[in-house]
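The values are calculated or read from the model by the stated rules, or taken from the named source; none is laboratory data. All values reported here derive from a predicted model rather than from experimental measurement. Don't worry about glycine lacking a Cβ; one is built from the backbone with ideal geometry, like all the others, and counts go over all protein chains shown. For accessibility, only protein heavy atoms count, side chains too; no ligands or nucleic acids. Shrake-Rupley method; radii C 1.70, N 1.55, O 1.52, S 1.80 Å.
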Amino acid sequence: MAESYGAVSVDVGTIYLGGKEHRVKTACGVVSVIVHGDREKPALITYPDLALNHMSCFQGLFFCPEAASLLLHNFCIYHISPPGHELGAAPICPNDSAPSADDLADQILEVLNFFGLGAVMCMGVTAGAYILTLFAMKHRDRVLGLILVSPLCKAPSWSEWFYNKVITNLLYFYGMCGVVKEFLLQRYFSKEVRGNVEIPESDIAQACRRLLEERQSVNVTRFLDAIDQRPDISSGLKKLKCRTLIFIGDQSPFYSEAVHMAANLDRGYCALVEVQACGSMVTEEQPHAMLIPMEYFLMGYGLYRPSCFSDSPRSPLSPSCISPELLSPESMGLKLKPIKTRVKA
């Protein structure tokens, strides 16, 4: 397979969330892909947000037994890391050409071809959600559906552009310093998770902070530059006919962006889930809020959760609090309907 597509795969001994790493050579450089599960099953592609990889962006979701059983029962997982964001990544050579958002989307196609995959399900967070959406728009026949968490679709606002330039300058002069970590944690998490003088920082934020220390500043800057120069894809969303499930935390700085995206998608193919008391990274902060919407969304594809797992008592959702339109067989997981969740104290 590697010879057919001009790619090289190298397995390493380290196991990541039960999967194995492959190094796939593409036109934009080598990309790390962690494969987890039975490769005879349909493929689920994941793509993380800025400065993250599958460990720091998706481990909360895959450590949730009910969600993990739902996803691993139905899919083989392919965790794609942005170039230079994998665990133990070395600094990318400054002389290597920096990829654009389009390049990163095309890189996904090369990964799919390398593994011999046809149409796939996609799950992305914020910047990763943008890359996967762009990929779906460019290669519609290769995407079954999209599960997007705090997605982007517009070009950066002036405030986001300025924010990104500050981070870029800090990374250039000081590397992954404490100030950059604080900026990134604000991007990812709600105030409750980040803590304050009265409330200690949560274990989730502390773990993310430690994982950020492993990122090479030049690698993060390259991905940030690609996202900071992204084009507005809002006008093309109506033509995107794959089913789309969007999650957004009500404390996410990208809340209005996600609502805008949902409003511009075909309402017959999209569902919007608002998660209360949550930041952008729902996969880490409130993964249980994703369980039941994903169950009903995947039922539209004839997929299901194993019966050995009952409904989780920890889930803030129950069928009675989900929009009836979302549960109907005709539009299961497809109807645009905000679903607000609240975690019980």
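Observations on the model:
- Residue in the stretch 97-109 that is open to solvent by less than 40 Å² (accessible area, probe 1.4 Å), over 25 Å from Tyr304 (Cβ atoms), part of a loop (DSSP other than H, G, I, E, B) and touching a Ser or Thr at 6+ places or on another chain (Cβ under 9 Å) present: no
- So Ala136, is it surrounded by 17 or more Cβ atoms within 10 Å (Cβ to Cβ), under 24 Å from Arg209 (Cβ atoms) and at pLDDT 95 or above: no
- Candidates Leu265, Leu326, Leu298 - the one that is at pLDDT below 50, in contact with a helix residue (DSSP H, G or I) (Cβ under 9 Å, 6 or more places away or on another chain), open to solvent by less than 60 Å² (accessible area, probe 1.4 Å) and not charged (D, E, K, R): Leu326
- Residue that is nearest to the chain's Cα centre (by Cα) [pool: residues in the stretch 186-201 that are open to solvent by less than 40 Å² (accessible area, probe 1.4 Å) and farther than 16 Å from Asn53 by Cβ]: Phe189
- Look at the stretch 121-132: where a residue is touching a residue at least 24 places away in the same chain (Cβ under 8 Å) and within 14 Å of His79 (Cα to Cα) and a partner is surrounded by fewer than 24 Cβ atoms within 10 Å (Cβ to Cβ) and β-branched (Val, Ile, Thr), sitting 6+ places away or on another chain with Cβ atoms under 9 Å, you get Ile131/Ile227.
- Which numbered condition Val179 misses (of (1) in contact with an Asp or Glu (Cβ under 6 Å, 6 or more places away or on another chain); (2) among the aliphatic types (A, V, I, L, M); (3) surrounded by fewer than 15 Cβ atoms within 10 Å (Cβ to Cβ)): (1)
- Residues that are at pLDDT 95 or above and either of a type in the set (A, V, I, L, M) or open to solvent by 30 Å² or more (accessible area, probe 1.4 Å) (or both) were ranked within the stretch 272-284; the one that is farthest from Ser202 (Cα to Cα) is Leu272.
- Unique match (being open to solvent by less than 50 Å² (accessible area, probe 1.4 Å) and under 28 Å from Ser32 (Cα atoms)) among Ile204, Ile167: Ile167
- Residues being touching a Cys at 6+ places or on another chain (Cβ under 6 Å) and open to solvent by 10 Å² or more (accessible area, probe 1.4 Å) are entirely absent from the stretch 72-83.
- Condition check for Ser217: crowded, with 18+ Cβ neighbours inside 10 Å, under 23 Å from Phe247 (Cα atoms) and among the polar types (S, T, N, Q): no
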